[in-house]
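The values are calculated or read from the model by the stated rules, or taken from the named source; none is laboratory data. Just so it is clear, the structure is predicted and the values come from calculations on it, not from any experiment. Here the Cβ positions follow ideal geometry from the backbone for every residue, glycine too, while neighbour counts run over all protein chains shown. These accessible areas exclude ligands, DNA and RNA; they are computed on the full protein's heavy atoms, side chains included. Shrake-Rupley method; radii C 1.70, N 1.55, O 1.52, S 1.80 Å.
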Amino acid sequence: MEMKPLKIAGGGLAGLALGLALRRESVPVTVIESATYPRHRVCGEFISGITDAELESLGMEGLMAGATQLQETLWFDGERPMLRTSLPNQARGISRHLLDGIMAERFVAHGGALLTGQRFTDPAIEGIVLATGRPSCESTWIGLKAHFLGLPLKADLELHLGNGGYLGMTRVEGDRVNVSGLFHRTESLTGREHRLAQAAADAGLGSLAERLREATMVEGSLKGVHRFQLGWQSPTDDALRIGDAAAMIPPITGNGMSMAFQSALAAVPALVDWSRRQISWDQAKQSIRKSHHTLFARRLRWARRLQWILLRPWGRRLCAQAVSRRWVSFASLYQLVR
Ligand SMILES: Cc1cc2nc3c(=O)[nH]c(=O)nc-3n(C[C@H](O)[C@H](O)[C@H](O)COP(=O)(O)OP(=O)(O)OC[C@H]3O[C@@H](n4cnc5c(N)ncnc54)[C@H](O)[C@@H]3O)c2cc1C
């Protein structure tokens, strides 16, 4: 029997991962992406929490071969080093410029139809999955990112926690360092070339701002986003959503990309059954939403609490003390948001 075709709006990580996994099951899939590849995206580009087995189930085996292996982290409380620690599991550093592009190439090589430069505006009816990323809404947050050259790091991942904002720095391909952070939006951050350095200075991270001003920013890599909401999204329609379009974990956890992959993976069995005409679209949606809640509810709750605590001076002191006095291990805090 002929399989029913599926359309995915949004060719970011969640959309392309879902497309790749469905092609493994021979489902006819079209991904509609409003941008073109390759392109820079606001993201810390630090991947942690997804296993090799999960990547393989998505049809992504070997795609991260160019990623940098990341293990050592150094955390700063404002200007002061607060904790040097090893990650419980190795993480990966890879730019979205590279990753989204190679995922798109593999999707097409495996028979997927990819339409770029086209914004999906139709109603999301049966057979359409929205993987359109963070929905636009009122918020005080701004996310920034840029690649730098000539920026030596003191660990594979430096995490600078400031007042009301944070900045992460990690090695991606070659000599590039990705610098990305989340801040409260102020007038001083609008339209400036040195927005990242300004944001760091505003959050009380003056020496870091100096380091950024002395390094060379890669042309075209500075990106910013605002108008987004962390946590479960609250859509007004009944469309099926995956990735950030369904729920956005606070970026400080470095788990959003893994969640995008996992939310795609969780959607595969029900969508294959729907395509084979074994279940209805409503049954597929219900089953996928249930899996997302089971997988992500606890993670999202803890991530919100941890971000709230870490962006306050007393919270950082408390966390550093708790880890150094062994009241709680770094690994167990890390696992709470994975
Ligand atoms: C400041 C910041 C730092 C972060 N750091 C990290 C980190 O270090 N590690 C980590 O794991 N995660 C991080 N994240 C989170 C991570 O970037 C996201 O969770 C991840 O990109 C979600 O993938 P997605 O596919 O759901 O959405 P996206 O990657 O946003 O993809 C959505 C795609 O849909 C397209 N699109 C949107 N609307 C339409 C439309 N109408 N029609 C067609 N196409 C459309 C967009 O062009 C885009 O390509 C960070 C996020 C921020 C804001």
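Details
- Net charge over other residues, Cβ less than 11 angstrom from the Cβ of Ile47 (K, R count +1; D, E count -1): +1
- Taking every alpha-carbon pair within the stretch 1-114, the share separated by more than 16 Å comes to 64 percent.
- In the stretch 1-71, the trypsin sites (Lys or Arg not before Pro) that fall in loop regions by DSSP, at most 15 other Cβ within 10 Å: Arg39
- For the stretch 84-179, convex hull volume per residue from C-alpha positions, Å³: 194
- Accessible area per residue was computed with a 1.4 Å probe on protein heavy atoms; Leu130 scores about 20 Å².
- Radius of gyration over Kirkwood radius for the stretch 124-255, both on Cα atoms: the Rg/Rh ratio is 1.03.
- Cβ-based net charge around Glu138, under 15 Å, with every Lys or Arg adding one and every Asp or Glu removing one: +3
- Scanning the chain for GluC sites (Glu not before Pro) in DSSP loops with at most 11 neighbouring Cβ atoms within 10 Å leaves 3-137 as the longest stretch between them.
- Taking the C-alpha atoms of the stretch 104-155, convex hull volume expressed per residue in Å³: 223
- Nearby lysines by direct alpha-carbon distance to Lys145 (threshold 29 angstrom, same-chain neighbours under 8 apart not counted): Lys154, Lys223
- Dipole magnitude of the stretch 1-105, debye to nearest 20 (Cβ charges: Lys/Arg +1, Asp/Glu -1, about Cα centre): 240
- Volume of the Cα convex hull of the stretch 253-315, divided per residue and given in Å³: 66
- Calculated diffusion of the chain, Stokes-Einstein form, Kirkwood radius summed over Cα pairs, 25 °C and 0.890 mPa s, µm²/s: 120
- Base-10 log of normalised Debye intensity for the stretch 229-269 (one unit scatterer per alpha-carbon) at q = 0.14, 0.26 Å⁻¹: -0.31, -0.90
- Percent of Cα pairs exceeding the 21 Å cut-off, where the set is the stretch 191-338: 60
- For the set Thr186, Thr30, Thr73, solvent exposure ranked by accessible area (probe 1.4 Å, protein chains only) runs largest to smallest as Thr186, Thr30, Thr73.
- Ligands, DNA and RNA excluded, the heavy atoms of Asp100 present near 0 Å² of accessible surface to a 1.4 Å solvent probe.
- Accessible-area ranking of Ser258, Ser86, Ser139, largest first, probe 1.4 Å: Ser86, Ser139, Ser258
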